[in-house]
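Right, one structure below, let's go through it.
The values are calculated or read from the model by the stated rules, or taken from the named source; none is laboratory data. Because the structure is a prediction, the values reported are computed rather than measured. Cβ placement follows ideal geometry from the backbone for every residue including glycine, while neighbour counts extend to all protein chains displayed.
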Amino acid sequence: MNRLYFIAVLLLVTACSCKEGRINKAARTNGESDARTLIDGVSDMSQLEVEGYILGVKAIEYGYIEEGHEKAARLYIEGFENYIRENSDSLAREIF
C-alpha cells in the first residue's frame with residue numbers, strides 16, 4: 001500500500017511540474033506577443049493609450065501572481081521587456 005501511495009504522489013508531482021513548465025513557457029511567449037502588439041500599434045496610439053496598454057501588462061503580471069505563479073509573472077515581464085528592448089530602441093527609451 002505504501003508503495004502504491006508513493007507512486008501516486010510521484011505521478012501527481014510530475015504532472016504539476018509539467019503544468020507549471022507549460023505555464024512558464026506560455027507566460028514568456030505571451031509577454032513577447034504583447035510587446036509585439038504594442039510595437040506594431042504604438043504609432044497609432046496616444047500617450048494615454050500607451051500608458052493604458054502598459055497598465056494592462058502590469059495587470060496580467062499581477063494576475064499570474066494572484067494565481068500563485070510568481071515565476072510565470074517574472075517570465076511574462078522579462079519576455080515583454082526584452083522583446084521591446086531588442087526590437088524598438090525608441091519605445092524602450094520611452095517606457096523604461
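A single entry from Glu86, Glu51, Glu66, Glu81 fulfils the requirement of being exposed (fewer than 14 other Cβ atoms within 10 Å of the Cβ) and either closer than 16 Å to Glu20 by Cα or touching a helix residue (DSSP H, G or I) at 6+ places or on another chain (Cβ under 8 Å) (or both): Glu66. Against the criterion of being among the hydroxyl-bearing types (Ser, Thr, Tyr) and either at pLDDT below 95 or touching a Cys at 6+ places or on another chain (Cβ under 9 Å) (or both), Ser88 does not qualify.
Residues are listed down the side, and each one gets a yes or a no for (1) in a loop (DSSP other than H, G, I, E, B); (2) at pLDDT 95 or above; (3) under 17 Å from the mean Cα position of the chain (by Cα):
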| position | (1), (2), (3) |
| --- | --- |
| Thr37 | no, yes, yes |
| Gly41 | no, yes, no |
| Gly52 | no, no, no |
| Val57 | no, yes, yes |
| Glu61 | no, yes, yes |
| Gly68 | yes, no, yes |
| Lys71 | no, yes, yes |
| Arg74 | no, yes, yes |
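Pairs are defined by a Cβ separation below 8 Å, a sequence spacing of at least 6 or placement on different chains, a first member in region 41-58 that is within 16 Å of Ala92 (Cβ to Cβ), and a second member that is outside any helix (DSSP H, G or I) and not small (Gly, Ala, Ser); the pairs so defined are Tyr53/Met45.
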